[in-house]
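Trainee: Before I ask anything, here is the structure I am working with.
The values are calculated or read from the model by the stated rules, or taken from the named source; none is laboratory data. From a predicted model like this one, the values you see are computed outputs, not experimental measurements. Every residue, glycine as well, gets a Cβ built from its backbone with ideal geometry; the counts of neighbours run over all protein chains shown.
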Amino acid sequence: MILKGIGYVDEGLQIEERQNVAFASILARKNQNGETIGELIGGSLREGPLTTILGDTVYIGTGPGSWLATSSTKATDFADNLATKLAGRASVSDQSGAYCVTRITGDRARHLLQRGVAINLHPDVFTTGCAATTVIAHIAVVIWQIDISPTYDIATFRTYSPDFRHWLAHSWRSF
Amino acid sequence: MRIVCPYCGDRDTEEFIFRGEALGRHPGLNSDEYAMFEHVYHRTNLSGKTSEHWYHVQGCRNWILVERDTLTHTIYSARLAKDGES
Amino acid sequence: MGRRGESFMRYSIFSLARNAISGHHRWPRQWPDATPREAYSIIIIGGGGHGLATAYYLASRHRISNIAVLEKGWIGSGSAGRNTTIIRSNYGLHENEAFYEFSMKLWEGLEQDLNYNVMVSQRGILNLYHSDGQRDAYVRRGNTMVMHGAGAELLDREQTRRIAPFLNFENARFPIMGGLLHRRGGTARHDAVVWGYARAAAALGVNIIQNCTVTGFQRDSQGAVVGVETTRGPIRSEKVGMCVAGHTSQVGSMVGLKLPIESHVIQAFVTEGLKPVIPNVITFGAGHFYISQSDKGGLVFGGDLDGYKSYAQRGNMPVVEDVCEGGMALMPMIGRARILRSWGGIIDMSMDGSPIIDRTPIDGLYLNGAWNYGGFKATPASGYCFAYLLANDTPHETAAALRFDRFREGRLIDEKGVGPQPNLH
Ligand SMILES: Cc1cc2nc3c(=O)[nH]c(=O)nc-3n(C[C@H](O)[C@H](O)[C@H](O)COP(=O)(O)OP(=O)(O)OC[C@H]3O[C@@H](n4cnc5c(N)ncnc54)[C@H](O)[C@@H]3O)c2cc1C
Ligand SMILES: [Zn+2]
C-alpha cells in the first residue's frame, strides 16, 4: 500500500514519490523554437510530446513552443538560472511548488497506468523519451517515460496529488 | 469520439472543450453594428461537415481547428488553429 | 364533430365503462392519418408538442382549421418523446417567468381542455442549495416566482430532510443546506401530451400528415413564402410556421435564414421500475443531475449537455459518467438501481438560452424555436402564443419579449448570465 508518499515495493511494481524536484515552464517567444532556445543551453529541445535531456535537466514537450523543465538538483535557483539563460527567446516561470512527481517502475507499471490513461502506452508507440499531457481519473497529469523497464514519471498539480494517490491505491489494489 | 490533436496525438473528447464554429476573424471594432451582431450571434449550425474550434485544455492547451460531421461525428481533419485556415 | 366521416369519441367515465364491458377492443382510432391536400391556410412544420399545440390553438381559439401539420417521421418522434417530462415555472427573469407561468396555468387546465389524460402531476420541484451564495440566488429567484404568482418556498436543511431523507446531507464537499420548493411544478406524460393535442386538433379538422419531410420552400416573385416542397409533393399555404425544435437551423437554411442557434444533444436515463421512493422532482445544485420517478416506477434522470454540436440522437460516455457521479454524490442509494435505457435528443440551444416566437424577416414564414433543454414545459404556452402570432400577425403579450430583435438590441434573456455560448446555458 502506498501512503503519504512513502512508497511501495512489490514484485514487478515499484512506486515512489520523488522529493525535491525543481520545475520551470518554458514558453517560446515569437519566432523562437526548440532549436533556437536549445542553443542557449547546449543542445536542441525536441518539438513534440517528447523529452530532451541536457545535463541534469529533462525538458518535457507539453505543447507547441512549450516545455516543462525539471531537475532533481534541488537547486532553489533552478528557474532563475534558466530564465537568465533563455532571456529574450523564451519566458520562464518557476513551477517548483506546483507539482508532485510519482515514479512508477517495473513489469506491471504499464498495466497499472493503462487503467487510468486513455492513450496507448504500448512500447511500439510510447517508449523511453516519450511524454504525454493528459488526464487520469479527471486529474491533469504529465507523464514521461524514463527507461524501458519501463519507468514512468507522473507529475500532477500538488493540490490534486492526494486524489491521484487515491486513484493509484485503488487501481493497484484491484490488480 | 476521439480527436487526433496535431501535437498530442489521438485523444478522447473528454480532454477538449468545444469552442463553437470556426467563425474566422472578429470583424474589428470599427466594423458596423450589424457585422458585429452577425459575428457574435449567428451560426450556420448545419447537419454535416463543419469547421469548429476545440480547445485542448487537458493536453497541449492549444486551439485546434477540427473538421467534423455533426451528424455522424466523423472527424476529417484537425490542425492547430494558429496555423491558419488552410 | 370530426370531419370527413371520422368520428371522435368523447372520453369520459361512461366511455371507459362501455369499453371495459367490450374488453377494450372497440376503442376507435384517436386521430386519422391524413394525406396532403394541395393547399392550406396554414402549414405547421414539425409534429412535436409545439407544432401540434399550435395547430390545436389555431383551430380552437382562432377558428382556423384549414391547417396541416407536416411531420417527417411519426408525431412525437423528436424531443417531445425523448424528454424527462418536467414542467415548471421557476425562472428568475421576468420575461421567462411570465411566459412559463402562463404555460403552467394552461397545464393546470389542459386535461379538461383537450379531453385527454396527459397525466399532469404537480408533485413539486425541489432545487437544492449547497452554499450561502446559492441560497441567496434562490431567494431572489423565489421572489420573482412569487411576484408572478407561481409560488415558492425556501426550505432549510431540516425541512428538506423531511421531504427527502434519502439525500446525502453529510456530503463534506457539497453539504445540502436546503432547497427552493416549487410546489406547482412536477411532470406530465410526454407522449400523452403529443397524442392529446393531435387528437383534439384533428377533431377540429386539422390534418396531421406523418412521414412527410419538408425539403424546401415555395417563394413568390417578392420572395415571400407561399408553400413548401415535401417528400410527398409541393403544398401551397398562405402562412408557414416552423416548429422543428432541434432542426430549426436546418429548415431555416432552406430559405437562407441565419439564426442565433446551435443544435446540441442532451441525454436521459431510466432505471428499472421501483416502488415509490422519490416523491417529487429533485435537482442537485452542485453538479449536473436531476431526477424524478415515473408513474411506472422507473427513476428518470439526466444532466448536462454533451457539450458540442450534434445532430446524432445519441450521447457520449463522459456525460454518462458525469451524470452517474452526480447521482451517486446526491443520493448514494441510486447505486443499487439498474439503468434500463439511455438515449439522446437534439435540442435547439440559443445564444441566450431563451426561446424565440416571432415572424422571420421573410414574409409568410414564422418561427417557433430555440427551446433549449426546457421546451416540454413550454408546450401549451408556446402553441398558444405561436397560434396567436400566426392568426393576428402580432405577438401575444406573454411572448412579446421572445423575439429575434433582442439579440441585435442587446436585450438578452440570459438566465445564467454566460453570454453567447449555447453549450453553457
Ligand atoms: C433528453 C431530453 C430531456 C429533456 N427534458 C426536458 C424536461 O424535463 N422539461 C422540459 O421542459 N423540456 C425538456 N426537454 C426539451 C424538450 O423536449 C424540447 O424543448 C421540446 O420537446 C421541443 O419542442 P417539440 O416538442 O415541438 O420538439 P420535437 O418533438 O423535436 O418536434 C420537432 C419535430 O419536427 C420534425 N421535423 C424536423 N425537421 C423536419 C422537416 N424538415 N420536415 C418535417 N418535420 C420535421 C421532427 O421530426 C420532430 O418531430 C428535454 C429534451 C431532451 C432531448
Ligand atoms: Zn493537444
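Trainee: Of the residues C:GLY327, C:GLY287, only one is away from ligand 2 (no atom under 16 Å from the Cβ), more than 19 Å from the chain's Cα centre (by Cα) and assigned to a loop (DSSP other than H, G, I, E, B); which? Full working, then the answer.
Mentor: Working: C:GLY327 fails: assigned to a loop (DSSP other than H, G, I, E, B).
Residue meeting the stated conditions: C:GLY287.
Trainee: Examine region B:34-54 for a residue that is away from chain A (no Cβ under 11 Å) and farther than 19 Å from C:ILE261 by Cα, and state whether such a residue exists. Before you say what the answer is, go through the steps one by one.
Mentor: Residues of region B:34-54 that are away from chain A (no Cβ under 11 Å), as a first pass: B:34-54.
Retained after the next criterion (residues that are farther than 19 Å from C:ILE261 by Cα): none.
No, there is no match, as no residue in region B:34-54 is away from chain A (no Cβ under 11 Å) and farther than 19 Å from C:ILE261 by Cα.
Trainee: For C:ASP348, indicate whether it is within 13 Å of chain B (Cβ to nearest Cβ) and either under 22 Å from the mean Cα position of the chain (by Cα) or more than 15 Å from ligand 1 (Cβ to nearest atom) (or both).
Mentor: Working: within 13 Å of chain B (Cβ to nearest Cβ): yes; either under 22 Å from the mean Cα position of the chain (by Cα) or more than 15 Å from ligand 1 (Cβ to nearest atom) (or both): yes.
So C:ASP348 fits the description; yes.
Trainee: Right, another one. Can you confirm whether region C:8-27 contains a residue that is closer than 18 Å to C:VAL193 by Cβ and within 16 Å of ligand 1 (Cβ to nearest atom)?
Mentor: No, region C:8-27 contains no residue that is closer than 18 Å to C:VAL193 by Cβ and within 16 Å of ligand 1 (Cβ to nearest atom).
Trainee: Next question, about the same structure. Could you grab the pairs with beta carbons closer than 9 Å, sequence gap of 6+ or different chains, first residue in region B:55-72 and at positive phi, second one outside any loop (DSSP other than H, G, I, E, B)?
Mentor: B:ARG61/A:THR62; B:ARG61/A:GLY63; B:ARG61/A:SER66; B:ARG61/A:THR133; B:ARG61/B:TYR55
Trainee: Just to be sure before I move on: is B:SER47 within 16 Å of ligand 1 (Cβ to nearest atom) and more than 30 Å from A:ILE60 (Cα to Cα) in the structure I sent?
Mentor: Numbers: within 16 Å of ligand 1 (Cβ to nearest atom): yes; more than 30 Å from A:ILE60 (Cα to Cα): yes.
Taking the combined requirement at face value, the residue satisfies it.
Trainee: Here's something else I'd like to know. Answer yes or no: is there a residue in region C:225-234 that is on the phi > 0 side of the Ramachandran plot, surrounded by 16 or more Cβ atoms within 10 Å (Cβ to Cβ) and in contact with a strand residue (DSSP E or B) (Cβ under 6 Å, 6 or more places away or on another chain).
Mentor: For region C:225-234, residues on the phi > 0 side of the Ramachandran plot, surrounded by 16 or more Cβ atoms within 10 Å (Cβ to Cβ) and in contact with a strand residue (DSSP E or B) (Cβ under 6 Å, 6 or more places away or on another chain): present.
Trainee: Now a separate question. If you check C:LYS309, C:LYS275, which single one turns out to be basic (Lys, Arg) and either touching a strand residue (DSSP E or B) at 6+ places or on another chain (Cβ under 7 Å) or farther than 26 Å from C:ILE125 by Cβ (or both)? Give the steps one after another, and end with the answer.
Mentor: Details: C:LYS275 fails: either touching a strand residue (DSSP E or B) at 6+ places or on another chain (Cβ under 7 Å) or farther than 26 Å from C:ILE125 by Cβ (or both).
Being basic (Lys, Arg) and either touching a strand residue (DSSP E or B) at 6+ places or on another chain (Cβ under 7 Å) or farther than 26 Å from C:ILE125 by Cβ (or both) holds for just one of C:LYS309, C:LYS275, which is C:LYS309.
Trainee: Here's a follow-up. Within region C:53-84, can you find the residues that are under 26 Å from C:PHE269 (Cα atoms) and in contact with a helix residue (DSSP H, G or I) (Cβ under 7 Å, 6 or more places away or on another chain)?
Mentor: C:ILE75, C:GLY76, C:GLY78, C:SER79, C:ALA80, C:GLY81, C:ASN83
Trainee: Name the strands (runs of 3 or more DSSP E) wholly within region A:39-102 that hold at least 1 residues that are within 14 Å of another protein chain (Cβ to nearest Cβ)? Steps first, please.
Mentor: Working: elements: A:51-54, A:57-63, A:66-71, A:90-94.
Per the criteria, A:57-63, A:66-71.
Trainee: Please verify whether A:GLY65 is surrounded by 17 or more Cβ atoms within 10 Å (Cβ to Cβ) and modelled with pLDDT under 95, treating the condition exactly as stated. Quick ask: steps written out before the conclusion?
Mentor: Numbers: surrounded by 17 or more Cβ atoms within 10 Å (Cβ to Cβ): yes; modelled with pLDDT under 95: no.
No; evaluated as a whole, the condition is false for this residue.
Trainee: Hey, does region B:74-81 have a residue that's without any contact (Cβ under 8 Å) to a residue 60 or more places away in the chain, more than 10 Å from ligand 2 (Cβ to nearest atom) and in a loop (DSSP other than H, G, I, E, B)? If you could, list the steps in order and put the result at the bottom.
Mentor: Going residue by residue through region B:74-81, those that are without any contact (Cβ under 8 Å) to a residue 60 or more places away in the chain are B:74, B:76-77, B:81.
Of the ones still in play, those that are also more than 10 Å from ligand 2 (Cβ to nearest atom) are B:74, B:76-77, B:81.
Within this subset, residues satisfying the condition of being in a loop (DSSP other than H, G, I, E, B) are B:74.
Looking for residues that are without any contact (Cβ under 8 Å) to a residue 60 or more places away in the chain, more than 10 Å from ligand 2 (Cβ to nearest atom) and in a loop (DSSP other than H, G, I, E, B), one finds at least one in region B:74-81, hence yes.
Trainee: In region B:1-44, which residues are closer than 30 Å to A:CYS130 by Cβ and either within 16 Å of ligand 1 (Cβ to nearest atom) or assigned to a helix (DSSP H, G or I) (or both)? So that I can check it myself, show each step before the final result.
Mentor: Step one: filter region B:1-44 for residues closer than 30 Å to A:CYS130 by Cβ, giving B:1-19.
Answer for region B:1-44, where residues must be closer than 30 Å to A:CYS130 by Cβ and either within 16 Å of ligand 1 (Cβ to nearest atom) or assigned to a helix (DSSP H, G or I) (or both): B:THR13, B:GLU14, B:GLU15.
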